[in-house]
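Single-structure report; data block below.
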Amino acid sequence: MTIQQVFARQRGSEAVGGGPAATASTAQDTGLLLLRVVFGLIMAAHGAQKLFGWFGGGGVDGTAQFFKASGYPAAKFLAVVAGLIETGGGVAIVLGLLTPLAAAALLGDMINAAGIKWGGFFAPQGLEYELLLACLAGVVALTGPGRFAVDRSLPVLREHRIGYGGIAVLLGLVAAAVFLVIRH
């Protein structure tokens with residue numbers, strides 16, 4: 001019997017009786033839901049700024065100008081991609097839908113944003129905010145969405161595996177590196 005099976009058996013037996021494991025599990029799942037909703041809505045709002053100009057954003061054209069000034073080729077295309085990643089990834093995180101992939105996309109996006117903004121740590125010129133959002137993406141990738149998520153109804157993602165989270169983090173890091181390298 002593996003360690004995971006022992007813990008699963010222990011949680012199952014205590015959870016049936018409503019003991020400490022059931023309470024801890026519900027608290028963790030509720031905490032993950034809160035984290036996902038707040039993080040996902042923040043990211044979706046950022047994406048809406050880029051795509052639609054909502055919430056004081058520049059829309060696709062304003063974002064493309066920023067990307068061009070930051071040294072990116074195909075700036076308008078990348079502005080749309082960034083907007084879609086943030087909007088779609090944020091909504092997926094809120095729902096707990098395809099969580100490892102959504103988290104990987106947002107992790108790469110936020111590491112890339114931190115790379116562009118590099119020049120200090122503290123806001124407004126620093127990158128502390130972007131690093132916090134990248135960290136949240138990594139946390140969600142590694143912990144999974146919790147029990148209150150659409151992924152629980154998907155056979156492959158029903159049970160979160162650390163391997164999925166690890167692969168998601170690696171994918172996000174590679175994507176960020178590729179986009180940082182293509183900058184001029």
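The values are calculated or read from the model by the stated rules, or taken from the named source; none is laboratory data. Bear in mind that the values here come from a model prediction, so they are computed numbers and not experimental data. For neighbour counting, all protein chains shown are included, and Cβ atoms are generated from backbone atoms with ideal geometry for every residue, glycine included. Each accessible area value is taken on the protein alone, full model and side chains, heavy atoms only, with ligands, DNA and RNA left out. Shrake-Rupley method; radii C 1.70, N 1.55, O 1.52, S 1.80 Å.
What's the local net charge at Thr63, with K and R +1, D and E -1, over the other residues with C-beta under 10 Å away?
Taking every Cβ under 10 Å from that of Thr63, the sum is +2.
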Handout entry: Förster radius 35 Å - calculated FRET efficiency between Trp118 and Leu142 (Cβ-Cβ, nearest 0.05)
Key = 0.90
Exercise for the section: Using only Cα atoms, tell me the angle between helix 75-95 and the longest principal axis of the chain; keep it within 0 to 90° and round to the nearest 10. Expected result: 20
Handout entry: Full-stretch length increase - Ile162, Phe52 - with 0.36 nm per residue and alpha-carbon distance subtracted
Key = 36.0 nm
Exercise for the section: Assign one of three labels to the range 135-184, namely rounded, prolate or oblate, based on the Cα gyration tensor with a ≥ b ≥ c the square roots of its eigenvalues; rounded applies when a/c is under 1.5, prolate when it is not and a/b is larger than b/c, and oblate otherwise. Expected result: prolate
Problem - Exposure of Arg161 as accessible area (Å², to 10), given a probe of 1.4 Å and all protein chains - result: 120
Exercise for the section: For the chain, with all protein chains present and a 1.4 Å probe, just round the carbon and sulfur fraction of the accessible area to a whole percent. Expected result: 72
Completion exercise
In degrees, nearest 10, the alpha-carbon axis of helix 20-52 is tilted away from the dominant principal axis of the alpha carbons of the chain by 20
Exercise for the section: Give the label of the value calculated from the structure for Rg and Dmax of the Cα atoms in Å, choosing from [x] 18.5, 60; [y] 23.9, 72; [z] 22.9, 80. Expected result: [x]
Exercise for the section: Give the angle, between 0 and 90 degrees and rounded to the nearest 10, that separates the Cα long axis of helix 128-143 from the longest principal axis of the Cα atoms of the chain. Expected result: 30
Practice task
Provide Thr23, Thr30 ordered by accessible surface of protein heavy atoms (probe 1.4 Å), highest first.
Solution key: Thr23, Thr30
Practice task
Subtract the Cα-Cα distance of Ala177 and Val81 from 0.36 nm times their separation in residues, and report this length gain in nm to one decimal.
Solution key: 33.0 nm
Practice task
Would you mind computing, in nm to one decimal, how far apart the modelled labels at Ser153 and Leu131 are, each placed 7 Å from Cα along Cα→Cβ?
Solution key: 4.0
Exercise for the section: For the range 71-130, run through the chymotrypsin sites (Phe, Trp or Tyr not before Pro) and keep only the ones in DSSP coil with at most 13 other Cβ atoms within 10 Å of their Cβ. Expected result: Trp118, Phe121, Phe122
Handout entry: Between the range 42-90 and the range 122-184, the alpha-carbon center distance in angstrom
Key = 19
Handout entry: Gyration tensor verdict on the range 57-118 (Cα atoms; rounded if a/c is under 1.5, prolate if a/b is larger than b/c, oblate otherwise)
Key = prolate
Exercise for the section: Skip the ligands, DNA and RNA, and give the accessible area per residue of the chain with a 1.4 Å probe, whole Å². Expected result: 55
Completion exercise
With the label point 7 Å along the Cα-to-beta-carbon line of Ser25 and a cut-off under 20 Å to each amide N, the hits in the range 74-106 are 96
